[in-house]
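Derivation of every value follows stated rules applied to the coordinates shown; laboratory data play no part. Quick caveat, the model's predicted, so the values are computed rather than measured. All Cβ positions, glycine included, derive from the backbone under ideal geometry; neighbour counts span all protein chains shown.
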C-alpha cells in the first residue's frame, strides 16, 4: 500500500476521512475493484463507486462516448450515454468489501440509484453498510436512460422527491448521505435546500449536463451513434467547469444551505481547478473525465501542485482556505458601480497582430487606435482612455499573456451599488449620516 506524503492535504468530509481531497467520481473509472485498486495505488484519496441499482443490472449500448475538440484534438468537452453499473449488485458489494478491507485509509462512497419507493432503499442500504463503505451518494443527476425510468435527474429535478428519498436514507442507514445534484434545472438552490431539509450530510455537484455534442452530416445522426440513431447524453469535462463553479458558489452562499458540506465536481483536471472549487466552499473534489483521458497518475501532479501552493500561501490544511472566495461572490446588484478599470497595452510585449483593435473596433467601444508610422510602416496600438469602458475584451483576445492589463483608476467616488444608484429608477434611499 502506497503511503501519502502530502500530509497537509488530509481531509475529513462529513465524517469521512481521506488522505487527500482528490476522489474519483462515480463513473467508468470506479466500476470495479481492478480500477479502484489501481487508482488507490496511484494515490487517489477516495472513490465514489459507480452507481449501483436494482437487479437485474442495467444494460448498456455501444457506442457510448463523443467529444468536442480544441486545437490539436485536445478534448474540451466529453459526452456519454452510459448508464449505471451493468454488473450484478452481489458482485459489486463483494468487491467493495474486499477493497475497503485492503485500503482502510481511503474513502469509499457508494453511489446508489433506485426507484422512488421506500422499500427499495430500505433493502439495499443495510447491504451497502455491511461492506464497510464510508458513505453513500444518491445519484439524482444522471440525465439519460435512467430518467425515463423515473430515476436519476427525474428525481433531482423535483425538490420534494429529493427531500423524501434523502429522508428515507437517513432513516434506514447510519452512513453519511451525500446527495448528487443535477445541473439540468433552473435554480440549483432548490434541490440543495430540499436535500438539506431531508437530512443530507452533504451534496455533490454537478452531474452531467444534457447535450448533443455534434452531428455526422453524412449520416445525419448525432454522436455517439448506436446503429442509425442516437440520443442526448451527459456533458462533462473542462467545458463544464464554469457552470459547476457557479452552482457550487450558489449553494455555498445561500443562507438556507450555508455550511452544508459540498463535494465539487465538473471539469477538474489539475490542482488549480481543485483549489478554485475549494475556495468556493468544496470540502473535496471528484474527478472523472481528466482521469479517463490521461490515466490515474494525474493525481500525483494534482497533489504535488496543491500542496506546494498551500505551502507558498501559508495554508497548513485544506480548511485554512476552504470557502475564502465565498464572501467575495455576490449578486450583480451589489457590485461597485463606481469602480473603474482601463486597458493598458505594454508596447514592448505587443507583437502588432491587431487582434485587440479588430475586436474593439468591430464589436465593442472603438477604444483602441491603430497608428501607422509613415516611414517604417510599423503599426502600433494605443488605448483611447476616454472611450475605454474596461470590458476586458482586448485583454482576452490578445495572444500574448499580460501584454494587455486592466488598470484600476482612482475615481474619488465612494462605493455605490445598483440598489443605491440614482440612475436606477428603483433605487433605494441611502441613509445619510446624522
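What separates the Cα centres of segment 325-404 and segment 236-280 is a distance of 30 Å.
How many nm separate the modelled label positions at residue 387 and residue 402, each set 7 Å beyond the Cα in the direction of the Cβ? Modelled inter-label distance: 2.9 nm.
By definition, a body whose alpha carbon gyration tensor gives a ≥ b ≥ c is rounded when a/c is under 1.5, and segment 7-328 falls into this rounded group. Anisotropy class assigned to segment 235-343 is prolate, per the alpha carbon gyration tensor with a/c at or over the 1.5 cut-off and a/b larger than b/c. The value of relative contact order for the chain, using C-alpha pairs under 8 Å at least six residues apart, is 13 percent. For 140, 296, 78, the sequence from fewest to most other C-beta atoms within 10 Å is 296, 78, 140.
Sorted ascending by nearby beta carbons within 10 Å, beginning with the fewest, 131, 186, 317 become 186, 317, 131. Our summary gives segment 14-138 a relative contact order of 29 percent, counting only alpha carbon pairs under 8 angstrom and 6 or more residues apart. Each of residue 42 and residue 313 was given a label point 7 Å from its Cα along the Cα-to-Cβ line. The distance between the two points is 2.5 nm.
Return the FRET efficiency for the residue pair residue 378, residue 12: r is the Cβ-Cβ distance, R0 is 60 Å, and the value is rounded to the nearest 0.05. After rounding, the FRET efficiency stands at 0.50. Rounded, prolate or oblate for segment 148-211? Axes are the square roots of the Cα gyration tensor eigenvalues, ordered a ≥ b ≥ c, and the cut-off for rounded is a/c under 1.5. It comes out prolate by the Cα gyration axes. The shape of segment 192-273 can be summarised by an equivalent ellipsoid whose semi-axes, obtained from the alpha carbon gyration tensor, come to 34, 15, 9 Å from longest to shortest. If the segment from residue 328 to residue 116 were pulled out straight at 0.36 nm per residue, it would be longer than the present Cα-Cα gap by 72.4 nm. Summarising the strand pairing of segment 7-328, around 40 percent of its internal DSSP beta bridges are antiparallel. In terms of packing, defined here as the mean over residues of other Cβ atoms within 10 angstrom, the peptides 354-366, 61-73 line up highest first as 354-366, 61-73. Computed from the Cβ-Cβ distance with R0 of 51 Å, the FRET efficiency linking residue 300 to residue 427 stands at 0.40.
Find the relative contact order for segment 252-372 and round it to a whole percent, using C-alpha pairs within less than 8 Å whose residues are 6+ positions apart. Normalised by residue count, the contact order of segment 252-372 is 22 percent. Panel order for 345, 265, 396, 206, by other beta carbons found within 10 Å of each beta carbon, from fewest to most: 396, 345, 206, 265. Apply the Debye scattering formula to segment 334-408, with a single equal point scatterer on each alpha-carbon and no solvent, then give log10 I(q)/I(0) at q = 0.16, 0.20 Å⁻¹. Debye output, listed in q order: -0.55, -0.81.
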